[in-house]
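Everything on this sheet refers to the single structure shown next.
The values are calculated or read from the model by the stated rules, or taken from the named source; none is laboratory data. Everything quoted here is computed from the prediction, not taken from an experiment. Every residue, glycine as well, gets a Cβ built from its backbone with ideal geometry; the counts of neighbours run over all protein chains shown.
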Amino acid sequence: MILTKDRLIAACDPHGLRPLVMGRLGEAYIFASESCALETIGAQYVRDVQPGELLVLDQNGLHEERFAQMERRAVCAMEYIYFARPDSDINGINLHSSRKRMGQRLAQESFIDADIVTGVPDSSISAAIGYAEQTGIPYELGLIKNKYTGRTFIQPSQELREKGVKMKLSAVRKVVEGKKVVMIDDSIVRGTTSLRIVNLLREAGALEVHVRITSPPFMNPCYYGIDTPNTDDLIASSKTVEQIRQAINADSLYFLSKPGLVEAIGGHDGEINRGLCMGCFDRDYPTPVDFPDAKITCGCD
Ligand code: SF4
């Protein structure tokens, strides 16, 4: 978004990496990175801003232009998995529904018999509901979030991150005590947070903790505005799934497959399936990046 003295300009990058939506509130145009913001102020959703599109709003109204042709469409998969709110839609796909499908798909790919399913709040609750629906194992609120602290993996130091996890979550003893628990989370970045949460459940009396993750292993940094750690600090870049399982003290661990994720995000809509960035999982970045062995499939010269 660019605001000048007499114009408002909305532009979306040629790959559509980040969502941007347009709405109307009476005569006014509203732009927001997430559609849930429109609901908040009572605005009507009009459409997503398209990759390479430039919308200029001035005293004569709205002008629809292009500053670039659409390159390979590559919506950030992590928006669907973690970043965006469940009450938002991206390209017509509701986030809660796609996360539920991720949980269902996880259950199909890696069923484990357990007493309860719980999701790490907030982003994994939808997926935990999906896992529970698919398996018939009851969904329970085994973990509670303290809503007044920030996201953990972007805290600047290890000490702050560990303190952050402690302050951020509590296990509900009466719910998890003596139970075999399936714990659904969206990703494992350094492993610190996952270890702490698994231990919270164990300290509260869980007999077994089986971790299921709604993304493939997070192995590579993001070059598109998400403050991820260097490759060396990403636990999946140097450890096998079994080694990660041991590091986070889980009884079992499974990461959703890439095809499973793509299908869960897309639902029955074929188009979006061809248009995701998954660079942090598979190095298939949509643009050239300063990463010696990254696979580049941007389609540009
Ligand atoms: S590299 Fe990962 S976090 Fe970054 S835009 Fe791509 S999918 Fe999203």
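A few points about this structure:
- Residue ID - surrounded by the most Cβ atoms within 10 Å (Cβ to Cβ), chosen from residues in segment 192-231 that are outside any loop (DSSP other than H, G, I, E, B) and hydroxyl-bearing (S, T, Y): S194
- Flag for H63 being away from the ligand (no atom under 16 Å from the Cβ) and closer than 28 Å to S257 by Cα: no
- Subset tally (residues that are of a type in the set (G, A, S) and crowded, with 19+ Cβ neighbours inside 10 Å) for segment 174-191: 1
- When we screen H15, H63 for residues that are out of contact with any helix residue (DSSP H, G or I) (no Cβ under 7 Å at 6 or more places or on another chain) and modelled with pLDDT under 95, the only hit is H15.
- Segment 70-120 - residue that is within 16 Å of the ligand (Cβ to nearest atom) and among the β-branched types (V, I, T) and, of those, surrounded by the fewest Cβ atoms within 10 Å (Cβ to Cβ): I93
- Being outside any helix (DSSP H, G or I) and either modelled with pLDDT under 95 or at positive phi (or both) is a description that does not apply to G164.
- Only residues that are closer than 15 Å to C76 by Cα and in a loop (DSSP other than H, G, I, E, B) were counted in segment 1-48, giving 11.
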